[in-house]
Amino acid sequence: MICSRRLLPALLLAAGTAVLPALAPPPVFAADEATAPTADQVAEAYAALLARDYVYPETGERYATAIRAGIAAGRYAPLTGEALARAIDADVNAVAPDGHLRLRAPDGAAAPVGPALVRRPPKVPVEQAGWIAPGIAFIRFNLFPDDAAVTTEAATFMADHADAKAIIFDVRTHNGGGLDQMDVIFPWLFGEPTRLVTMATRASVDARGGSPIDGLPSMRVVKGDAGMVTREHWATPNADTRLRDAKIYVLTSGASASAAEHFSLAMKHSGRGVLVGDPTAGANHFGSGEDLGGGYGAFIPVGRTYDPATSQDWEGSGVLPDIAVPPAQALERALTELGVAPEEAKRLSDERMPSWPMERRRPRK
């Protein structure tokens, strides 16, 4: 998912697993009990945003109609917190599922239901970067944040491992973000300017400056569908040629969402990398986080990313791996493909097993 920098912490509404939030900290908006909106006001704010900005206008209107029907029926009025979020989510997804549509309840509002949720420390963007075997570099990205320090870390990793014969990018626990880190990785990997993916933003959103990808140097505006502003994401080579022929493997899972799927599709579409693992999460649409008041937040999808060769995106289905194996075995398989002995590949894989879930997020019940 590519997200507006206005409310970047909201960009992972689609990407969580059974453990929430997928990105820490989640969007937190001050909730003053004296001025907090009612449940119906929160629902109406969400309906209005979906009708105005959702990537597919007709679907956005249908979402709004469903929410407003819930308001009229009095379904939301007695609800608060997570119960309200669940009720609105159910009505929205009954219209058309979208991997990014998930209403965020105020921080701390979730009521215990069943077994207690596991409390985990915040995800760090980058883990275990370095040499994993002779000539083979490894790096795990858990997200692509709007953070200059992380972009510098990604750029430094590429420069420090420019003599690698192979690089393994682990995005099995990567839940989304933006383009900044991708745009310092891709120039090392291509020998000529290469079109990676196509991104189309609802024209009305783009016209008022609401596109999260407008103005990025790696984007080129092209002719596209009516009602959309279409841009192509391009990789422009840098002057260092050492990694041009390096083998690239990308480890994927059902938790690899949004911007991780963008990265995966770019590698697959261009033929530059080999995907190993499970199909990705199927959360395609990019957009921005919005404050609905009272501590509630929502991610509003305003565009889609797709394969320029087929015009197909990955919403619902995910990006398919080139080598399908259980995610827990993906690193082991990539290493054996690179000639590492099976026993050693297993040992190295076990040492670098992700601590975060590698399954698709389960729907709210």
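Each residue in segment 289-338 was checked for being among the aromatic types (Phe, Trp, Tyr) and assigned to a loop (DSSP other than H, G, I, E, B), and 1 pass. Do we find that GLY318 is in contact with a strand residue (DSSP E or B) (Cβ under 9 Å, 6 or more places away or on another chain) and farther than 30 Å from GLY81 by Cβ in this structure? Against the criterion (in contact with a strand residue (DSSP E or B) (Cβ under 9 Å, 6 or more places away or on another chain) and farther than 30 Å from GLY81 by Cβ), GLY318 qualifies. Name the single residue, out of those in segment 131-179 being of a type in the set (S, T, N, Q) and not in a helix (DSSP H, G or I), that is surrounded by the most Cβ atoms within 10 Å (Cβ to Cβ). So, considering only residues that are of a type in the set (S, T, N, Q) and not in a helix (DSSP H, G or I), the one surrounded by the most Cβ atoms within 10 Å (Cβ to Cβ) is ASN175.
Readers should treat all values here as calculations from the given coordinates under stated rules, not as data from a laboratory. For clarity, every value in this text was computed on a predicted model and none was experimentally measured. Every residue, glycine as well, gets a Cβ built from its backbone with ideal geometry; the counts of neighbours run over all protein chains shown.
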